[in-house]
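Engineer: Below you'll find the structure I mean.
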Amino acid sequence: MASPPTGTHVEQPHLVSLVLQSKKALQHGEQLCTKANTLTNASAQCALDVLALDAKVKWISEAVLEQLKLAASVAKSIQHKRAQLDKQIREWDTARSQRTTALDTILEDLGTQLVPPDFHQTSSDSSLFGSQHSLDRLNGVIDPTQSPSATVRETPFERKASKKNVDRTKWKTLRDFVDESAVEEVLDALESDRTRLDDVMSTTYDYPETLSTAVSSIRDALPTSSAPPPIEPLLVAQEKTTTDMAKHLESLASHYEQMAGALHDSEAGVSPTDEEMQAMNQDTNELPSIMVELEYDVNYIQEAHEKLSLARTAAREQLDTSRSTLDDLDELGDIMSDMLQKQQDVETDCEDLLEGLQQRLLVVEDLHHRFVQFQASFNKLLIEIARRRQYREAAEKIVEGMMAQLEAMTEEERQVRDDFNSEHGAHIPTDICLCIENPPTRWEVVPWAGDTREVLPEIDSDILAQVRGKLAGGDGALPGSDSV
């Protein structure tokens with residue numbers, strides 16, 4: 001009788017140990033499953049956050065890219081407007097080059113054309129041509145109070161038409177009658193306004209490049225579209241893993257209930273058989289492998305959660321970067337507004353300056369035209385003086401011939417009267433015809449009352465020949481008179 005109780009006493013602690021192991025495994029399994037459930041729920045929330053953050057980042061990036069396209073178009077617009085202004089400026093530079101070249105050509109030509117000394121006198125008058133009277137004559141205005149002798153150097157005697165050993169290097173040229181300071185003033189004003197135009201244009205010179213650089217910088221600062229971890233496979237794997245863990249937990253619970261029931265029966269006097277004990281020992285021995293699987297599953301869920309957490313952290317950083325990019329974009333928008341306003345001001349200023357420069361070109365063209373007319377009129381003046389000299393010489397020959405004829409007639413008449421008086425004068429009383437002894441009237445052809453003998457400046461024959469050649473060769477056109 002004593003044996004059975006003793007046997008029962010020996011098996012009881014072993015059964016209790018199995019129950020305790022089973023209970024401990026069940027509790028640990030519950031902890032692991034609870035942790036896995038918490039991590040799974042957190043992973044699901046992370047997945048939602050990642051998707052939401054990624055959607056925000058994509059939306060912001062797309063909006064930024066659209067705005068950057070607008071900024072790029074603004075840069076191109078400014079560049080196009082600057083190109084149009086540059087084209088107008090280049091066209092004006094071409095016109096300026098033509099007109100200033102033509103002006104230089106006529107001035108150089110004036111500097112090569114000699115003016116005979118008799119044609120000028122020292123004058124302190126200041127004008128475009130050095131002498132206001134010369135300018136008035138070019139404009140077709142002639143002061144009736146000015147006699148021809150007021151514009152030439154009067155000489156008491158006529159000089160011969162051709163002189164020898166004359167030093168022409170000391171002669172003045174037509175350019176000496178041009179007010180160089182007035183011409184320089186016009187050209188300086190032209191260059192000053194042109195420099196101002198460059199200064200105005202330079203204020204927006206770097207705008208297109210600045211905008212393009214800013215656009216590239218903001219585009220480069222956008223978050224890179226790094227693919228998030230495969231959320232759906234992770235969640236599916238987590239779901240499968242938690243399901244397996246739930247099955248293991250059910251197995252642990254069932255094993256614990258079985259062991260607890262055996263312990264209760266043993267305490268009630270019903271001891272398990274050896275076969276039952278062997279089966280329970282085997283089940284208990286399998287508990288460590290189950291716990292290892294549960295630990296592995298929890299670690300897998302932990303890794304998946306960490307991946308999703310890292311993805312969420314990265315998405316938040318990208319969102320922060322995107323928001324910073326939005327701030328940069330807002331700042332760029334303000335800069336673009338200022339640039340557009342400044343470019344508009346530059347266009348207005350450039351148009352005003354170009355209009356003023358066009359007017360200054362008209363002044364240069366007018367100077368060229370006046371100098372061409374000055375040279376042409378001077379050449380015609382030389383021809384006119386030569387013609388007047390021919391007229392004067394012809395008139396003088398007529399006068400000289402008439403005076404010679406009158407002198408001959410007077411001498412002949414005097415001889416006839418002397419013969420008459422010698423033959424008949426002694427026989428005629430002196431108180432009869434008192435005029436009979438008068439000599440014939442002597443005649444002298446003189447200028448009209450109040451007029452003086454015309455004095456003309458001397459022109460060398462080679463100068464006249466050169467001028468006649470120019471006029472005949474070009475129908476009056478002169479070097480430097482080409483249309484500009």
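The values are calculated or read from the model by the stated rules, or taken from the named source; none is laboratory data. For clarity, every value in this text was computed on a predicted model and none was experimentally measured. For neighbour counting, all protein chains shown are included, and Cβ atoms are generated from backbone atoms with ideal geometry for every residue, glycine included. Calculation scope for accessible area: heavy atoms of the full protein, side chains included, ligands and nucleic acids excluded. Shrake-Rupley method; radii C 1.70, N 1.55, O 1.52, S 1.80 Å.
Engineer: Need one value: the accessible area of residue 209 in square angstrom, 1.4 angstrom probe, rounded to the nearest 10.
Structural biologist: That residue has around 130 Å² of solvent-accessible surface.
Engineer: Hey, quick one: spin label on residue 462, modelled 7 Å out along Cα-Cβ, who in region 82-114 has an amide N within reach, i.e. under 18 Å?
Structural biologist: Residues passing the 18 Å test: 112-114.
Engineer: On a straight-distance basis, which lysines could pair with residue 76 in a cross-link, Cα separation under 22 angstrom, same-chain partners fewer than 8 positions away excluded?
Structural biologist: 87, 342
Engineer: Follow-up question, since we're still on this one. Could you tell me the calculated FRET efficiency between residue 317 and residue 70, based on Cβ-Cβ distance and R0 = 30 angstrom, to the nearest 0.05? Before the final figure, lay out the partial values.
Structural biologist: Working: r = 27 Å, r/R0 = 0.90.
It comes out at approximately 0.65.
Engineer: So, taking all protein chains as they sit and a 1.4 Å probe, how much accessible area belongs to residue 255, in Å² rounded to tens?
Structural biologist: Its accessible surface works out to 20 Å², give or take rounding.
Engineer: Next question. Under a 1.4 Å probe, what is the accessible area of region 214-367 per residue, stated in Å²? Spell out each step's value before the answer.
Structural biologist: Numbers: 9020 Å² over 154 residues.
Value for region 214-367: 59 Å² per residue.
Engineer: Distance cut-off 26 Å, Cα to Cα: go down the list 24/307; 56/81; 35/247; 170/380; 58/240; 23/247 and report the pairs above it.
Structural biologist: Details: 24/307 31 Å; 56/81 37 Å; 35/247 16 Å; 170/380 23 Å; 58/240 31 Å; 23/247 17 Å.
Beyond 26 Å: 24/307; 56/81; 58/240.
Engineer: Show 432, 385 ordered by accessible area, largest first, where the area counts protein heavy atoms only and the probe is 1.4 Å.
Structural biologist: Details: 432 90, 385 15 Å².
The residues order as 432, 385, largest area first.
Engineer: Rounded to the nearest 10 Å², what accessible area does residue 296 show when all protein chains are kept and the probe is 1.4 Å?
Structural biologist: 150
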